[in-house]
1. For the stretch 46-53, check the following and say yes or no: at least one residue is β-branched (Val, Ile, Thr) and under 25 Å from Ala18 (Cβ atoms).
2. Residue under question is Gly44, and the condition is that it be without any contact (Cβ under 8 Å) to a residue 40 or more places away in the chain, open to solvent by less than 50 Å² (accessible area, probe 1.4 Å) and not in a strand (DSSP E or B); does it hold?
3. Go through the residues of the stretch 33-41 one by one and say whether even a single one is of a type outside the set (A, V, I, L, M, F, W, C), more than 16 Å from the chain's Cα centre (by Cα) and open to solvent by 20 Å² or more (accessible area, probe 1.4 Å).
4. Counting only residues that are surrounded by fewer than 18 Cβ atoms within 10 Å (Cβ to Cβ), charged (D, E, K, R) and touching a residue at least 60 places away in the same chain (Cβ under 8 Å), how many does the stretch 56-110 have?
5. Looking only at the stretch 127-166, how many residues end up being modelled with pLDDT under 85 and of a type in the set (Asp, Glu)?
6. Search the stretch 1-32 for residues being part of a loop (DSSP other than H, G, I, E, B) and among the aliphatic types (A, V, I, L, M), and hand back the single one that is most open to solvent (accessible area, probe 1.4 Å).
7. Working only within the stretch 151-171, note down all residues that are outside any loop (DSSP other than H, G, I, E, B) and open to solvent by 50 Å² or more (accessible area, probe 1.4 Å).
8. Any residue in the stretch 117-137 that is part of a helix (DSSP H, G or I), touching a strand residue (DSSP E or B) at 6+ places or on another chain (Cβ under 7 Å), open to solvent by 50 Å² or more (accessible area, probe 1.4 Å) and closer than 17 Å to Gly223 by Cα?
Amino acid sequence: MPSPHTPKQNHLLAALPAGDYARLAPDLELTPMPLGWAVYESGGHMNYVYFPTTSLVSLLYVMQSGDSAEIAITGNCGLVGISLFMGGESTPSRAVVQSAGHGYRLRASVLKREFALGGNLQHLALRYTQALITQMAQTAVCNRHHALDQQLCRWLLLSLDRLESNELVMTQELIANMLGVRREGVTEAAGQLQKEGLIQYSRGHIKVLDRAKLEQRVCECYGVVKKEFERLLPYKLPL
């Protein structure tokens, strides 16, 4: 039987002290997050902030030609919709569900109420934003300087960290769109990782067989992002 849904499957919400969580809980709405759903579009107005629990969301930058590339990924470690509390109300990026699941949404008005209190949710959300900026910067560096197989390793590990699983349902075409490369390149890179016994890929299912070796194979970018998230977002909020 699948475990019941709870907001505390999201690490940010789980890190809130009991009083803050109790105040927020009545306003948290369980929301299905189907594959391919655009949580928000480029330039669109945001009415909610989302806390993924069992889903993954990619933040994409879309060019005028329609080409896109992932600039960050989030899941149970964070939230979607930082523009709501950073003062912009909208963003040029696009947020799309890349692994179906669920999450909890919170109305913008409630979020702003919490931020006006200047309490623990604000503290956690701003720390998460700093960690997200690190991920965006490291993604840009990685895409410029590292080989495609290393980029794929980084992407796989970051995705699995945010799903607490060792398997992804993901086509090579979608991965290519996320990384901003040709599908043939992903096919070759995934084939090499499978040949080395690190992953198993079949009909859109990617299963990590040897995570330790995958972490040895990945470039430094994964470690930089992981370390920064762990530094800024401990499970228990410092008091």
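The values are calculated or read from the model by the stated rules, or taken from the named source; none is laboratory data. Note that the coordinates shown come from a computational prediction; the quantities given were computed from them, not determined experimentally. FYI the Cβ positions are ideal-geometry reconstructions off the backbone, even for glycines, and counts take in every protein chain you see. In case anyone asks, the SASA skips ligands and DNA or RNA and just uses the protein heavy atoms, side chains included. Shrake-Rupley method; radii C 1.70, N 1.55, O 1.52, S 1.80 Å.
1. yes
2. So Gly44 fails the test.
3. yes
4. 2
5. Result for the stretch 127-166: 1.
6. My answer is Met1.
7. Glu167, Val169, listed by residue number.
8. Checked against the condition, which is being part of a helix (DSSP H, G or I), touching a strand residue (DSSP E or B) at 6+ places or on another chain (Cβ under 7 Å), open to solvent by 50 Å² or more (accessible area, probe 1.4 Å) and closer than 17 Å to Gly223 by Cα, the stretch 117-137 yields at least one hit.
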